[in-house]
Amino acid sequence: MLPGIILIMALFIPDSTNPIQSAADHYQHVDAYQATIKSTHSKQPDNPDMIRYYFKKPGHVRIEIIAPVFKGAVLIYSPSSGKVKLWVLGHSKFPSFSLSPENKVIQNPSGQRIDRSDLGALYKNIMALQDHGRTTVIGQESIAGETALHLTVEAERGFSVNDIARFQLWLDITTGFPLKVISYKADGSWIEQVEMSDYRINPVFPPDLFEQ
């Protein structure tokens, strides 16, 4: 049976299996993807970040900033060099900088690192909370015209991952890819809301897309 069909069955019958694990397993069959991502942080709720995101295993990342600041800037992370190349005014345009992914200049307000930004890292964090908490399936909802399974994952008291104690997420019922994710602190205050759209799964990228 095809992985996608297995995933649909798991998401439509959530009590029969772990929907997060099913989504993570399906992701193992994905070699590359791209998406448009809107990220709203509690520290700057009126200024969401908009990016085009490209990922190719085993860890190549390209980010093109759409808004609000540094529009046109491009960041490319290479797992072989372990460095991030930043072009402030657009790809291949002067000036450019070679930075560590640990550099806070290129991290978002939540401290998100480019080398830990793909869906695999997200699933890993969510499953870590699952191992020390509980998962609640709320039901099916529509997100931007797509049918999604709405879940919450909440850690037990005293446990968190990167200060996150609860996730609220909406998974596309066909791909298992998240359409919306909201993270919360232990006190219940929200940290960040991320909305993903325009997914392309296993696209054929230009050979130089991730070149630094």
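How many residues does the range 53-73 contain that are more than 19 Å from Ala121 (Cα to Cα) and either at pLDDT 95 or above or of a type outside the set (Phe, Trp, Tyr) (or both)?
In the first step, residues of the range 53-73 are kept if they are more than 19 Å from Ala121 (Cα to Cα); the result is 64-73.
This time we only want the ones that are either at pLDDT 95 or above or of a type outside the set (Phe, Trp, Tyr) (or both), so: 64-69, 71-73.
Result for the range 53-73: 9.
Search the range 125-135 for residues being touching a residue at least 12 places away in the same chain (Cβ under 8 Å) and part of a helix (DSSP H, G or I), and hand back the single one that is nearest to Leu99 (Cα to Cα). Per the stated criteria, the residue is Asn125. Checking the range 74-84 against the condition returns no match, with no residue being modelled with pLDDT under 95 and assigned to a loop (DSSP other than H, G, I, E, B).
Ser189 satisfies every condition listed in (1) touching a residue at least 24 places away in the same chain (Cβ under 8 Å); (2) under 15 Å from the mean Cα position of the chain (by Cα) except (2).
Among the residues of the range 173-206, those that are over 26 Å from Val84 (Cα atoms), outside any loop (DSSP other than H, G, I, E, B) and either at pLDDT below 95 or of a type in the set (A, V, I, L, M) (or both) comprise Leu179, Ile182.
What number of residues in the range 137-172 are acidic (Asp, Glu) and either touching a Phe, Trp or Tyr at 6+ places or on another chain (Cβ under 9 Å) or in a strand (DSSP E or B) (or both)? Full working, then the answer.
To start, the set of residues in the range 137-172 that are acidic (Asp, Glu) comprises 141, 146, 154, 156, 163, 172.
Those left that are additionally either touching a Phe, Trp or Tyr at 6+ places or on another chain (Cβ under 9 Å) or in a strand (DSSP E or B) (or both): 141, 146, 154, 172.
Going through the range 137-172 one residue at a time, the tally reaches 4.
Regarding Val105, is this residue over 30 Å from Ser22 (Cα atoms), of a type outside the set (Lys, Arg) and at pLDDT below 95?
Details: over 30 Å from Ser22 (Cα atoms): yes; of a type outside the set (Lys, Arg): yes; at pLDDT below 95: yes.
Yes: the conditions hold for Val105.
Being more than 17 Å from Ile182 (Cβ to Cβ), touching a His at 6+ places or on another chain (Cβ under 8 Å) and assigned to a loop (DSSP other than H, G, I, E, B) is a description that does not apply to Phe70.
Given the criteria under 30 Å from Trp87 (Cβ atoms) and in contact (Cβ under 8 Å) with a residue 40 or more places away in the chain, does Leu209 qualify? If you could, list the steps in order and put the result at the bottom.
Working: under 30 Å from Trp87 (Cβ atoms): yes; in contact (Cβ under 8 Å) with a residue 40 or more places away in the chain: yes.
Yes; evaluated as a whole, the condition is true for this residue.
With under 17 Å from Asp208 (Cα atoms) and of a type outside the set (Asp, Glu) as the only criterion, which of Lys43, Lys104, Lys38, Lys93 stands out? Working first, answer last.
On the way: Lys43 fails: under 17 Å from Asp208 (Cα atoms); Lys104 fails: under 17 Å from Asp208 (Cα atoms); Lys38 fails: under 17 Å from Asp208 (Cα atoms).
Checking each option against the conditions leaves just Lys93.
The values are calculated or read from the model by the stated rules, or taken from the named source; none is laboratory data. Just so we're clear, the structure is a prediction, and the values are computed from it rather than from any experiment. A quick note on method: Cβ atoms are made from the backbone with ideal geometry, for glycine too, and the neighbour counts reach across all protein chains shown.
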